[in-house]
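Read through the structure below, which is laid out as C-alpha coordinates, and then see the notes.
The values are calculated or read from the model by the stated rules, or taken from the named source; none is laboratory data. This is a predicted model, so every value here is computed, not measured. As a convention, Cβ positions derive from the backbone with ideal geometry for all residues, glycine included, and neighbour counts pool all protein chains shown. Calculation scope for accessible area: heavy atoms of the full protein, side chains included, ligands and nucleic acids excluded. Shrake-Rupley method; radii C 1.70, N 1.55, O 1.52, S 1.80 Å.
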Amino acid sequence: MKIGRVSYQGRERLALIDEAKNKAFVIEGGLGTEADPVLAVIQRGLKEADILALTNDVVDLDRLRFLAPIPRPLRNIFAVGKNYIDHSAEFDKSGFNATSGKSAIPEYPQFFSKATTTVIGPTDDVLFSPLVTKAIDYEGEIAVVIGRECRRASRESALDFVFGYMAVNDVTARDLQKNHAQWFLGKSLDTFCPMGPWIATADEITPETLRLETWVNGELRQRAQLKDLIFDIRRLIVDLSACLTLLPGDIIATGTPVGVGLGQTPPKFLNDGDRVRVSVNGLGSLENRFRQI
Ligand code: MG
(Lines give C-alpha, C1' and ligand atoms only; values in the text may rest on other atoms or scores of the structure.)
Protein backbone atom coordinates (compact mmCIF):
# COMPACT_ATOMS: atom_id res chain seq x y z
CA MET A 1 0.00 0.00 0.00
CA LYS A 2 0.89 3.64 -0.33
CA ILE A 3 0.13 5.45 2.91
CA GLY A 4 0.33 9.12 3.77
CA ARG A 5 -1.32 12.14 5.33
CA VAL A 6 -3.41 14.66 3.46
CA SER A 7 -5.24 17.89 4.00
CA TYR A 8 -8.83 17.42 2.85
CA GLN A 9 -11.61 19.96 3.36
CA GLY A 10 -9.34 21.82 5.75
CA ARG A 11 -8.69 18.76 7.93
CA GLU A 12 -5.62 16.56 8.29
CA ARG A 13 -6.32 12.89 7.56
CA LEU A 14 -4.69 9.53 7.07
CA ALA A 15 -4.93 8.35 3.44
CA LEU A 16 -4.20 5.28 1.32
CA ILE A 17 -3.25 6.22 -2.22
CA ASP A 18 -4.16 4.45 -5.46
CA GLU A 19 -1.70 6.13 -7.81
CA ALA A 20 -2.88 4.26 -10.91
CA LYS A 21 -6.49 5.38 -10.43
CA ASN A 22 -5.44 8.85 -9.25
CA LYS A 23 -7.53 8.45 -6.11
CA ALA A 24 -7.09 8.21 -2.36
CA PHE A 25 -9.06 6.63 0.44
CA VAL A 26 -9.26 9.37 3.05
CA ILE A 27 -9.86 7.86 6.48
CA GLU A 28 -12.45 9.54 8.70
CA GLY A 29 -12.69 9.41 12.48
CA GLY A 30 -10.60 7.44 14.99
CA LEU A 31 -7.22 6.53 13.55
CA GLY A 32 -7.69 8.96 10.65
CA THR A 33 -7.73 11.94 12.96
CA GLU A 34 -4.75 11.03 15.16
CA ALA A 35 -1.88 13.51 15.14
CA ASP A 36 0.61 11.03 13.69
CA PRO A 37 -1.58 8.29 12.17
CA VAL A 38 1.03 6.74 9.86
CA LEU A 39 3.35 6.25 12.81
CA ALA A 40 0.40 4.69 14.69
CA VAL A 41 -0.21 2.27 11.78
CA ILE A 42 3.45 1.22 11.84
CA GLN A 43 3.60 0.84 15.62
CA ARG A 44 0.39 -1.22 15.74
CA GLY A 45 1.30 -3.36 12.73
CA LEU A 46 -1.95 -2.53 10.94
CA LYS A 47 -2.46 -3.87 7.42
CA GLU A 48 -4.14 -2.35 4.38
CA ALA A 49 -7.37 -4.27 5.02
CA ASP A 50 -7.49 -3.02 8.64
CA ILE A 51 -7.32 0.57 7.42
CA LEU A 52 -9.78 0.18 4.53
CA ALA A 53 -12.28 -1.30 6.99
CA LEU A 54 -12.52 2.15 8.59
CA THR A 55 -14.93 4.78 7.29
CA ASN A 56 -13.40 6.52 4.31
CA ASP A 57 -14.07 8.91 1.44
CA VAL A 58 -12.72 8.14 -2.03
CA VAL A 59 -11.24 11.40 -3.31
CA ASP A 60 -9.40 12.47 -6.49
CA LEU A 61 -5.73 13.15 -5.72
CA ASP A 62 -5.90 16.67 -7.16
CA ARG A 63 -8.36 17.63 -4.40
CA LEU A 64 -5.80 16.75 -1.71
CA ARG A 65 -2.70 18.44 -0.41
CA PHE A 66 -0.15 15.93 0.79
CA LEU A 67 1.51 16.43 4.18
CA ALA A 68 4.63 14.86 5.69
CA PRO A 69 3.83 11.14 6.19
CA ILE A 70 5.54 11.18 9.62
CA PRO A 71 5.44 14.79 10.82
CA ARG A 72 6.92 14.16 14.27
CA PRO A 73 9.40 11.29 14.14
CA LEU A 74 10.15 9.78 17.54
CA ARG A 75 13.77 10.76 17.18
CA ASN A 76 16.25 12.21 14.74
CA ILE A 77 16.25 11.08 11.14
CA PHE A 78 19.25 8.87 10.46
CA ALA A 79 21.20 9.71 7.33
CA VAL A 80 24.27 8.58 5.44
CA GLY A 81 26.96 10.74 3.84
CA LYS A 82 28.92 9.76 0.74
CA ASN A 83 26.99 6.66 -0.27
CA TYR A 84 27.34 6.94 -4.07
CA ILE A 85 30.82 6.78 -5.62
CA ASP A 86 30.50 9.80 -7.92
CA HIS A 87 28.97 11.96 -5.19
CA SER A 88 31.79 11.04 -2.78
CA ALA A 89 34.28 12.33 -5.34
CA GLU A 90 32.40 15.58 -6.03
CA PHE A 91 32.06 16.25 -2.29
CA ASP A 92 35.74 15.72 -1.51
CA LYS A 93 36.80 17.88 -4.46
CA SER A 94 34.46 20.71 -3.46
CA GLY A 95 36.50 22.00 -0.52
CA PHE A 96 33.37 21.85 1.66
CA ASN A 97 34.21 18.52 3.30
CA ALA A 98 35.84 19.31 6.62
CA THR A 99 35.82 15.59 7.45
CA SER A 100 37.55 14.47 4.26
CA GLY A 101 39.77 11.43 4.71
CA LYS A 102 42.53 9.85 2.68
CA SER A 103 40.11 8.31 0.24
CA ALA A 104 36.96 9.75 -1.28
CA ILE A 105 35.25 6.36 -0.99
CA PRO A 106 34.49 5.50 2.63
CA GLU A 107 35.30 2.08 4.07
CA TYR A 108 32.32 2.20 6.45
CA PRO A 109 28.96 3.98 6.23
CA GLN A 110 29.20 7.56 7.52
CA PHE A 111 26.12 8.11 9.66
CA PHE A 112 24.75 11.38 10.96
CA SER A 113 21.30 12.59 11.96
CA LYS A 114 18.89 15.42 11.30
CA ALA A 115 16.78 17.00 14.05
CA THR A 116 13.08 16.04 14.02
CA THR A 117 12.09 19.69 13.56
CA THR A 118 13.53 19.59 10.03
CA VAL A 119 10.47 17.68 8.80
CA ILE A 120 8.06 19.39 6.40
CA GLY A 121 5.61 18.13 3.79
CA PRO A 122 6.19 17.50 0.10
CA THR A 123 4.87 20.92 -1.01
CA ASP A 124 5.81 23.08 1.98
CA ASP A 125 8.34 25.89 1.72
CA VAL A 126 11.93 25.40 2.91
CA LEU A 127 12.76 28.53 4.93
CA PHE A 128 16.20 30.03 5.36
CA SER A 129 17.86 33.15 6.68
CA PRO A 130 20.94 34.55 4.92
CA LEU A 131 22.13 35.58 8.39
CA VAL A 132 22.55 31.87 9.17
CA THR A 133 23.58 30.33 5.84
CA LYS A 134 24.56 31.49 2.37
CA ALA A 135 25.21 28.06 0.86
CA ILE A 136 22.01 26.01 0.77
CA ASP A 137 22.03 22.82 -1.22
CA TYR A 138 19.62 20.00 -2.11
CA GLU A 139 20.21 16.25 -1.76
CA GLY A 140 17.56 14.09 -3.39
CA GLU A 141 17.42 10.75 -1.55
CA ILE A 142 15.44 7.57 -0.99
CA ALA A 143 14.64 6.87 2.65
CA VAL A 144 13.84 3.61 4.41
CA VAL A 145 11.17 3.54 7.11
CA ILE A 146 11.64 0.90 9.81
CA GLY A 147 8.60 -1.29 10.56
CA ARG A 148 9.48 -3.08 13.76
CA GLU A 149 12.01 -3.06 16.55
CA CYS A 150 15.36 -4.19 15.25
CA ARG A 151 18.50 -5.24 17.13
CA ARG A 152 21.56 -6.85 15.56
CA ALA A 153 19.95 -7.63 12.20
CA SER A 154 21.81 -9.96 9.86
CA ARG A 155 22.18 -9.25 6.14
CA GLU A 156 19.62 -11.98 5.52
CA SER A 157 17.05 -10.59 7.96
CA ALA A 158 17.66 -6.85 7.46
CA LEU A 159 14.88 -6.18 4.95
CA ASP A 160 12.33 -7.95 7.19
CA PHE A 161 12.46 -4.85 9.41
CA VAL A 162 11.58 -2.41 6.62
CA PHE A 163 8.07 -0.95 6.61
CA GLY A 164 8.53 0.97 3.39
CA TYR A 165 10.27 3.58 1.28
CA MET A 166 9.84 7.31 0.83
CA ALA A 167 11.42 10.21 -1.07
CA VAL A 168 13.22 12.92 0.93
CA ASN A 169 15.34 15.99 0.31
CA ASP A 170 18.27 16.11 2.75
CA VAL A 171 18.61 19.90 2.51
CA THR A 172 22.03 21.05 3.68
CA ALA A 173 23.72 24.33 4.64
CA ARG A 174 27.18 23.69 3.16
CA ASP A 175 28.83 26.62 4.93
CA LEU A 176 27.67 25.38 8.36
CA GLN A 177 28.75 21.85 7.43
CA LYS A 178 32.22 23.17 6.63
CA ASN A 179 32.61 25.73 9.40
CA HIS A 180 31.48 23.42 12.20
CA ALA A 181 33.45 20.45 10.79
CA GLN A 182 30.55 18.02 11.20
CA TRP A 183 27.27 17.27 9.51
CA PHE A 184 24.57 17.53 12.18
CA LEU A 185 24.19 21.30 12.41
CA GLY A 186 24.17 22.12 8.71
CA LYS A 187 21.61 19.35 8.13
CA SER A 188 19.31 20.22 11.03
CA LEU A 189 17.90 23.66 10.28
CA ASP A 190 14.11 23.87 10.71
CA THR A 191 12.30 22.86 7.47
CA PHE A 192 15.42 21.17 6.01
CA CYS A 193 13.84 17.72 5.53
CA PRO A 194 10.95 17.75 3.05
CA MET A 195 9.47 14.25 2.75
CA GLY A 196 6.68 12.40 1.00
CA PRO A 197 4.22 12.48 -0.61
CA TRP A 198 3.68 8.96 0.73
CA ILE A 199 5.41 5.83 2.02
CA ALA A 200 5.19 2.80 -0.29
CA THR A 201 5.29 -0.38 1.76
CA ALA A 202 8.05 -2.92 1.27
CA ASP A 203 5.71 -5.55 -0.25
CA GLU A 204 5.26 -3.43 -3.38
CA ILE A 205 8.81 -2.12 -3.80
CA THR A 206 11.94 -3.82 -5.10
CA PRO A 207 14.60 -1.44 -3.78
CA GLU A 208 17.06 -2.18 -6.59
CA THR A 209 14.57 -0.88 -9.16
CA LEU A 210 14.11 2.53 -7.53
CA ARG A 211 15.36 5.45 -9.59
CA LEU A 212 15.76 8.97 -8.28
CA GLU A 213 15.70 12.28 -10.13
CA THR A 214 16.24 15.77 -8.74
CA TRP A 215 15.24 18.87 -10.68
CA VAL A 216 16.09 22.49 -9.80
CA ASN A 217 13.80 25.05 -11.48
CA GLY A 218 13.05 22.46 -14.17
CA GLU A 219 16.72 21.52 -14.77
CA LEU A 220 17.67 17.88 -14.17
CA ARG A 221 20.59 17.77 -11.71
CA GLN A 222 20.57 14.24 -10.26
CA ARG A 223 19.64 10.88 -11.75
CA ALA A 224 20.59 7.62 -10.03
CA GLN A 225 19.48 4.13 -9.14
CA LEU A 226 19.31 2.83 -5.59
CA LYS A 227 21.26 -0.23 -6.68
CA ASP A 228 24.31 2.04 -7.11
CA LEU A 229 24.62 2.69 -3.35
CA ILE A 230 28.10 1.96 -1.96
CA PHE A 231 26.49 0.56 1.22
CA ASP A 232 23.12 -1.01 0.43
CA ILE A 233 20.05 -0.94 2.64
CA ARG A 234 20.88 -4.28 4.24
CA ARG A 235 24.32 -3.00 5.23
CA LEU A 236 22.92 0.24 6.68
CA ILE A 237 20.42 -1.68 8.84
CA VAL A 238 23.06 -4.22 9.92
CA ASP A 239 25.56 -1.53 10.96
CA LEU A 240 23.04 0.71 12.73
CA SER A 241 21.27 -2.11 14.54
CA ALA A 242 24.58 -3.62 15.68
CA CYS A 243 24.96 -0.53 17.87
CA LEU A 244 21.49 0.74 18.69
CA THR A 245 17.91 -0.49 18.63
CA LEU A 246 16.00 0.69 15.59
CA LEU A 247 12.40 1.54 16.40
CA PRO A 248 9.19 1.36 14.38
CA GLY A 249 8.89 4.59 12.43
CA ASP A 250 12.63 5.35 12.36
CA ILE A 251 13.68 6.93 9.07
CA ILE A 252 17.03 6.29 7.37
CA ALA A 253 17.93 8.57 4.45
CA THR A 254 20.25 6.43 2.32
CA GLY A 255 22.46 9.12 0.76
CA THR A 256 22.47 11.37 -2.28
CA PRO A 257 23.98 10.73 -5.73
CA VAL A 258 26.24 12.97 -7.82
CA GLY A 259 24.85 16.30 -9.03
CA VAL A 260 24.34 18.39 -5.89
CA GLY A 261 24.84 22.15 -6.12
CA LEU A 262 28.31 22.18 -4.58
CA GLY A 263 29.50 19.76 -7.24
CA GLN A 264 28.68 22.21 -10.08
CA THR A 265 31.45 24.41 -11.51
CA PRO A 266 31.17 26.96 -10.04
CA PRO A 267 28.92 25.73 -7.18
CA LYS A 268 25.24 26.61 -7.62
CA PHE A 269 23.54 27.10 -4.27
CA LEU A 270 19.83 27.71 -3.84
CA ASN A 271 18.26 31.16 -3.75
CA ASP A 272 14.97 32.71 -2.72
CA GLY A 273 12.20 31.42 -4.99
CA ASP A 274 14.06 28.37 -6.32
CA ARG A 275 12.04 25.15 -6.60
CA VAL A 276 13.50 21.69 -6.07
CA ARG A 277 11.68 18.56 -7.18
CA VAL A 278 12.68 15.04 -6.11
CA SER A 279 10.95 12.15 -7.93
CA VAL A 280 11.23 8.41 -7.38
CA ASN A 281 9.30 5.80 -9.35
CA GLY A 282 6.56 4.39 -7.12
CA LEU A 283 7.28 6.89 -4.35
CA GLY A 284 5.88 9.99 -6.05
CA SER A 285 7.37 13.48 -6.14
CA LEU A 286 8.01 16.21 -3.65
CA GLU A 287 8.49 19.79 -4.82
CA ASN A 288 9.44 22.55 -2.43
CA ARG A 289 10.04 26.25 -2.90
CA PHE A 290 12.99 27.81 -1.06
CA ARG A 291 11.98 31.01 0.68
CA GLN A 292 14.18 33.54 2.41
CA ILE A 293 12.95 34.79 5.80
MG1 MG B 1 22.34 13.37 2.35
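When you look at Asn83, is it open to solvent by 20 Å² or more (accessible area, probe 1.4 Å), within 15 Å of the ligand (Cβ to nearest atom) and modelled with pLDDT of 90 or more, yes or no?
Criteria not met by Asn83.
Find the strands (runs of 3 or more DSSP E) located wholly in the range 105-158 whose residues include 2 or more that are open to solvent by 20 Å² or more (accessible area, probe 1.4 Å) and closer than 23 Å to Phe231 by Cβ, and list them.
Fully inside the range 105-158 and qualifying: 110-114.
For the range 165-186, what are the residues that are among the charged types (D, E, K, R), over 30 Å from Val38 (Cα atoms) and within 13 Å of the ligand (Cβ to nearest atom)?
Passing the criteria: only Arg174.
For the range 1-34, give me each residue that is assigned to a strand (DSSP E or B), within 16 Å of Glu48 (Cα to Cα) and among the aliphatic types (A, V, I, L, M).
Passing the criteria: Ile3, Leu14, Ala15, Leu16, Ile17, Ala24, Val26, Ile27.
From the list Leu189, Leu262, Leu220, Leu286, which residue is part of a strand (DSSP E or B), within 16 Å of the ligand (Cβ to nearest atom) and open to solvent by less than 70 Å² (accessible area, probe 1.4 Å)?
Leu286
In the range 176-199, what count of residues is obtained for those that are closer than 12 Å to Val132 by Cβ and small (Gly, Ala, Ser)?
Result for the range 176-199: 2.
In the range 162-213, which residues are over 19 Å from Phe78 (Cα atoms) and in contact with a helix residue (DSSP H, G or I) (Cβ under 6 Å, 6 or more places away or on another chain)?
Within the range 162-213, Glu208, Leu210 meet the criteria.
I'd like to know if the range 241-258 contains one or more residues that are open to solvent by 10 Å² or more (accessible area, probe 1.4 Å), more than 27 Å from Ala40 (Cα to Cα) and within 16 Å of the ligand (Cβ to nearest atom).
Yes, because at least one residue in the range 241-258 is open to solvent by 10 Å² or more (accessible area, probe 1.4 Å), more than 27 Å from Ala40 (Cα to Cα) and within 16 Å of the ligand (Cβ to nearest atom).
Whether any residue in the range 63-72 is of a type in the set (Lys, Arg), under 26 Å from Asn271 (Cβ atoms) and open to solvent by 20 Å² or more (accessible area, probe 1.4 Å) is what I want to check.
Yes, because at least one residue in the range 63-72 is of a type in the set (Lys, Arg), under 26 Å from Asn271 (Cβ atoms) and open to solvent by 20 Å² or more (accessible area, probe 1.4 Å).
State all residues of the range 5-39 that are out of contact with any helix residue (DSSP H, G or I) (no Cβ under 7 Å at 6 or more places or on another chain), within 23 Å of Leu246 (Cβ to Cβ) and touching a residue at least 60 places away in the same chain (Cβ under 8 Å); if no residue qualifies, say none.
Within the range 5-39, Val38, Leu39 qualify.
Filter the range 100-147 down to residues that are away from the ligand (no atom under 16 Å from the Cβ) and among the acidic types (Asp, Glu), then give me how many there are.
Matching residues across the range 100-147 total 3.
Can you tell me which residue is nearest to the ligand (Cβ to nearest atom) among those in the range 202-217 that are open to solvent by less than 10 Å² (accessible area, probe 1.4 Å) and touching a Phe, Trp or Tyr at 6+ places or on another chain (Cβ under 8 Å)?
It comes out as Thr214.
Answer yes if at least one residue in the range 4-14 is under 17 Å from the mean Cα position of the chain (by Cα), closer than 23 Å to Thr254 by Cβ, open to solvent by 10 Å² or more (accessible area, probe 1.4 Å) and not hydroxyl-bearing (Ser, Thr, Tyr), and no otherwise.
yes
Among Pro257, Pro267, which is touching a residue at least 12 places away in the same chain (Cβ under 8 Å) and closer than 30 Å to Leu16 by Cα?
Pro257
Can you name the condition, by its number, that Ile42 falls short on among (1) under 30 Å from Glu139 (Cβ atoms); (2) in contact (Cβ under 8 Å) with a residue 24 or more places away in the chain; (3) in contact with a Ser or Thr (Cβ under 9 Å, 6 or more places away or on another chain)?
Of (1) under 30 Å from Glu139 (Cβ atoms); (2) in contact (Cβ under 8 Å) with a residue 24 or more places away in the chain; (3) in contact with a Ser or Thr (Cβ under 9 Å, 6 or more places away or on another chain), only one is false for Ile42: (3).
Failed condition for Arg291, given (1) within 28 Å of Gly95 (Cβ to Cβ); (2) in a loop (DSSP other than H, G, I, E, B), with all others met?
(2)
Checking the structure you have, find out if any residue of the range 96-104 is surrounded by fewer than 20 Cβ atoms within 10 Å (Cβ to Cβ) and in contact with an Asp or Glu (Cβ under 7 Å, 6 or more places away or on another chain).
yes
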